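We did not get these values from a lab; they are worked out from the coordinates using the rules stated. All of these numbers come straight from a predicted model, not from anything done at the bench. Methodologically, a virtual Cβ is constructed for each residue, glycine included, from the backbone with ideal geometry; neighbour enumeration extends over all protein chains shown.
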Amino acid sequence: MSASIIKGSEIAEQIREELRTEIAALKEKGITPGLAVVLVGEDPASQSYVRMKGKACEDLGLFSQTIIRPADTSEDELLSLIDSLNADPRIHGILVQLPLPKHIDENKVILRIDPDKDVDGFHPINVGKMLIGEPGFLPCTPHGIQEMLVRSGNDPEGKHVVVVGRSNIVGKPVAAILVQKKKGANATVTLAHSRTKDLASITRMGDILVAAIGSPELIKADMVKEGAVVIDVGSNRIEDPSAKKGYRWVGDVDFENVKEKASAITPVPGGVGPMTIVMLMKNTVLSASRSAGVTPGQGRAAASKRPRPPVLASNVPRAVWSMSMKTFKHTIP
Ligand code: GUN
């Protein structure tokens, strides 16, 4: 039997419709959610992602700034740009497209973004909150995968989810999100990677298999459990002389063969990709709502009533840092 296709583009459209209502309510309060997307360099895939993010903002009527800097931009210049976006009240979300050119320290850049505007969910404060199940910003692709599973009737609760790939952007956070003691999670999670021995014996255990390896069509039918739900995060451009453009996009899963064994599967393109973008929009709207104190208990208004931990910074003396963290530990509601 052929698998049902989980169409990310349709689920994303559903979420966009929900967002339109929230955005209209914010606009009535005089708030237009704003997103700044920063691209350094000329990587064609990154250029295309950044364009799609700008278009998504436009479609929803969000304020959007796409800031493009040349590949030889210095780290200091980029950090100053982030400082100015942190201070800009029109901007509720900041995304710096990764990867960055080699001479720029990615971690330093992520650390500089105000955690309250970190709609990518990559700042260590938000990564920590995700891990302990506190509200922050969830990273877009992993959160999108969770939404896809739940909205397509494949709630991960009680299921064995096997994730292949341990990147900070997808593999590790999707494992952390699905293992939470929460609605739409409660899964048993195995995280496999490039050093996993006998990968096929592990992937065959997955009721849900998430492929996030970045290797074209690596997951073959004999690596998949009969009736599994397969989420393909891969987006690999491969040469194809028979295609109009001379190339085509494939995922990390051998779609044609795996769909005969799975009960449900995401396509590439039109699967996880559109979910990533809509979850970015959702985080931007969430950030704007919090700035207006619209989300009780989660917003900056609520946050400002409790002592806040310092943003991780190398110039904070260790003693002060550990004292602050103690205070923080005892004041989390
Ligand atoms: N590069 C690939 N995926 C992402 C993402 O989700 N966010 C950012 N900032 N860069 C990326």
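So how tilted is helix 318-331 from the main axis of the chain? Cα-based, degrees 0 to 90, rounded to 10.
For helix 318-331, the angle is close to 80 degrees.
Just to confirm the number: angle between the C-alpha axis of helix 140-151 and the first principal axis of the chain, 0 to 90 degrees, nearest 10?
Between the helix axis and the principal axis of the chain, the angle is about 60 degrees.
Going by C-beta contacts inside 10 Å, put Phe255, Phe137 in order with the fewest on the left.
Listing Phe255, Phe137 from fewest to most nearby Cβ atoms yields Phe255, Phe137.
As a footprinting exposure proxy, order Thr266, Thr66, Thr276, Thr21 by other Cβ within 10 Å, with the fewest listed first.
Thr21, Thr66, Thr276, Thr266
Whole-Hz Karplus ³J(HN,Hα) for region 253-260, in order, using 6.51 cos²θ - 1.76 cosθ + 1.60 and θ = phi - 60°, x for Gly and Pro?
10, 6, 3, 4, 7, 5, 5, 7
In which sequence would Lys29, Lys261, Lys245 go, from the one with the fewest C-beta neighbours within 10 Å to the one with the most?
Lys245, Lys29, Lys261
How high is the FRET efficiency between Lys7 and Asp72 when r is their beta carbon distance and R₀ equals 51 Å, given to the nearest 0.05?
About 0.80, to the nearest 0.05.
Quickly estimate the mean residue ellipticity at 222 nm for the chain, helices only: each DSSP H run with n ≥ 4 gives -39500 (n - 2.57), and the total goes over all residues, rounded to 500.
Taking each H run of at least 4 residues, the total per residue is -12500 deg cm²/dmol.
Sorted from largest down, what three extents in whole angstroms do the Cα atoms of the chain have along their principal axes?
Projected onto the principal axes, the Cα atoms of the chain cover 56, 46, 43 Å.
With only alpha-carbon atoms counted, please give the Rg and Dmax of region 32-114, in Å.
For region 32-114, the Cα-based Rg and Dmax read 12.3, 35 Å.
Gln14 versus Lys27, label points 7 Å from Cα toward the beta carbon: distance in nm?
2.5 nm
Set the Förster radius R0 to 25 Å, insert the Cβ-Cβ distance between Asp105 and Lys181 as r into 1/(1 + (r/R0)^6), and round the FRET efficiency to 0.05.
With a Förster radius of 25 Å, E is 0.10.
Quick one: Debye curve from the alpha-carbon atoms of region 140-273 only, equal weights, vacuum; give me log10 I(q)/I(0) at q = 0.11, 0.18, 0.19 Å⁻¹ to two decimals.
-0.35, -0.92, -1.02
Quick check: the angle from helix 272-291's long axis to the longest principal axis of the chain, C-alpha only, nearest 10 degrees?
20 degrees
By how many nm would the segment from Met205 to Glu134 grow when fully extended, if each residue of separation counts as 0.36 nm and the alpha-carbon distance is taken off?
Full-extension gain reported as 22.6 nm.
Pairs of lysine in region 201-272 with Cα under 18 Å and at least 8 positions apart or on different chains: total?
Lysine pairs meeting both conditions in region 201-272 amount to 4.
Rank Ile110, Asn186, Gly61 by how far each Cα sits towards the positive end of the charge dipole of the chain (+1 on Lys, Arg Cβ; -1 on Asp, Glu Cβ) and give me just the farthest.
Asn186
When the chain is treated as a GNM, springs tying every alpha-carbon pair under 10 Å, which of Pro216, Pro33, Pro156 comes out with the largest mean-square fluctuation?
Residue with maximal mean-square fluctuation among Pro216, Pro33, Pro156: Pro216.
Using a 7 Å offset from the Cα along the Cα-to-Cβ direction at both Ser215 and Leu79, what is the distance between the two label points in nm, to one decimal?
3.7 nm
Can you work out the FRET efficiency for the pair Asp59 and Asp198, with r the C-beta to C-beta distance and R0 = 56 Å, to the nearest 0.05?
0.80
Can you list the aspartates and glutamates whose alpha carbon is less than 16 Å from that of Lys108, not counting same-chain residues fewer than 8 positions off?
Filter leaves Glu75, Asp76, Glu77, Asp83, Asp118, Asp120.
Top mean-square fluctuation among Glu256, Glu17, Glu239, Gaussian network model of the chain, C-alpha springs under 10 Å?
Checking each option, the largest mean-square fluctuation is seen for Glu239.
For Lys244 paired with Glu42, estimate the spin-label separation in nm (one decimal), with each label point 7 Å from Cα along the Cα-to-Cβ line.
2.6 nm
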